Amino acid sequence: MKALYMMLLPCLVWYFIFKYLPMYGIIISFKDYNFAEGILHSPWADPWYKHFRQFFESPYFTQLLTNTLLISLYKLLFGVVPSIALAILLHECRIGWLKRWVQTLSYMPHFLSWIIVYGISVAFLSETTGLFNRWITEAGGGSVPFLNSTEWFRSVLVSTEIWKDLGWGAIIYLAAISSIDPTLYEAARVDGAGRLRMIWHVTLPGIRNVIILLLILKIGSIMDAGFEQIFVFYNPRVYEVGDIIDTWVYRTGLEQMSFSLATTVGLFKSVIGIVLITGANKLAKRWGGSIW
């Protein structure tokens, strides 16, 4: 299979250059890095865990970790089921033109930048001019600060994430459903199973391994709560519930040119991610699905 390996070679070279070579920069975590002296000649941190201690002893560490984990878990818990449900509905749809239109409309938001999504959110959720708040005030209620309230901010993050990636996430499940042996549905139909029974006993078991695989991958990146989205949406009023590790690193590490601290936090997240994805993979083996 030499031809296939040759086709794979550019991908492997790219992966090596952009994913493995940069790991050399991890040593910045253990140095007091500065631009003038470079990585090799920058002095070693004293003690070696200086930047780790700075991060762990930060008064915001507990709040940052809590926000990061909660937002990621909310997105994981509430984002998986809608994508699976949409994929099943599209598969069950027998009206060709309707199926194509729904697919197209549900995929489109994925290609919008978070800046545009934020603009749409402001149009609907703004406390003063938002469409929803107009409806609420016209109904006799008081306006709700969806974008500036600590009570609503996480809900806004999760709901906009679901809306943006709903159709895109359904693609993989739809592909998995289409690969299920049609004779299984025929056998279930002969046995008297209706649509719901076939979904429960044929469709869902048929895509179980795909669901487990995607869950494992998402668990591995649970420390990434969505920097770009939160950076665009948040403001000082919602730091209490919306400030995550990545946004704090951007403000404290990169804006203040503290690259050692930023690298330290990145290393910390990577280690946690490896532990989580390994544990999730071992747990998944009990249900017959895993990555390795």
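The values are calculated or read from the model by the stated rules, or taken from the named source; none is laboratory data. Only a predicted model underlies this, so the values are computations on that prediction, with no experimental measurement involved. Every residue, glycine among them, receives a Cβ derived from its backbone with ideal geometry; neighbour counts consider all protein chains shown. Heavy atoms of the whole protein, side chains included, go into the accessibility calculation; ligands, DNA and RNA do not. Shrake-Rupley method; radii C 1.70, N 1.55, O 1.52, S 1.80 Å.
So the values come out like this:
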read-out	value
For N67: the one exception among (1) closer than 30 Å to K164 by Cβ; (2) open to solvent by 20 Å² or more (accessible area, probe 1.4 Å); (3) touching an Asp or Glu at 6+ places or on another chain (Cβ under 7 Å)	(2)
Helices (runs of 4 or more DSSP H) enclosed by region 198-262 - at least 1 residues per element that are aromatic (F, W, Y), without any contact (Cβ under 8 Å) to a residue 12 or more places away in the chain and crowded, with 17+ Cβ neighbours inside 10 Å	239-242
Some residue of region 35-44 being assigned to a loop (DSSP other than H, G, I, E, B), over 32 Å from the mean Cα position of the chain (by Cα), surrounded by 10 or more Cβ atoms within 10 Å (Cβ to Cβ) and touching a residue at least 60 places away in the same chain (Cβ under 8 Å)	no
Helices (runs of 4 or more DSSP H) wholly inside region 81-144 containing at least 2 residues that are at pLDDT 90 or above, within 23 Å of the chain's Cα centre (by Cα) and surrounded by fewer than 14 Cβ atoms within 10 Å (Cβ to Cβ)	114-125
Residue list for region 169-193, filter: within 31 Å of the chain's Cα centre (by Cα) and open to solvent by less than 50 Å² (accessible area, probe 1.4 Å)	G169, A170, Y173, L174, A176, I177, I180
Lone unmet requirement of (1) touching a residue at least 24 places away in the same chain (Cβ under 8 Å); (2) surrounded by fewer than 17 Cβ atoms within 10 Å (Cβ to Cβ); (3) of a type in the set (S, T, Y) for T160	(2)
Residue count for region 159-190, restricted to those that are of a type in the set (S, T, Y), in a helix (DSSP H, G or I) and more than 13 Å from L90 (Cβ to Cβ)	4
Any hit, region 10-24, residues being exposed (fewer than 14 other Cβ atoms within 10 Å of the Cβ) and in contact (Cβ under 8 Å) with a residue 12 or more places away in the chain	yes
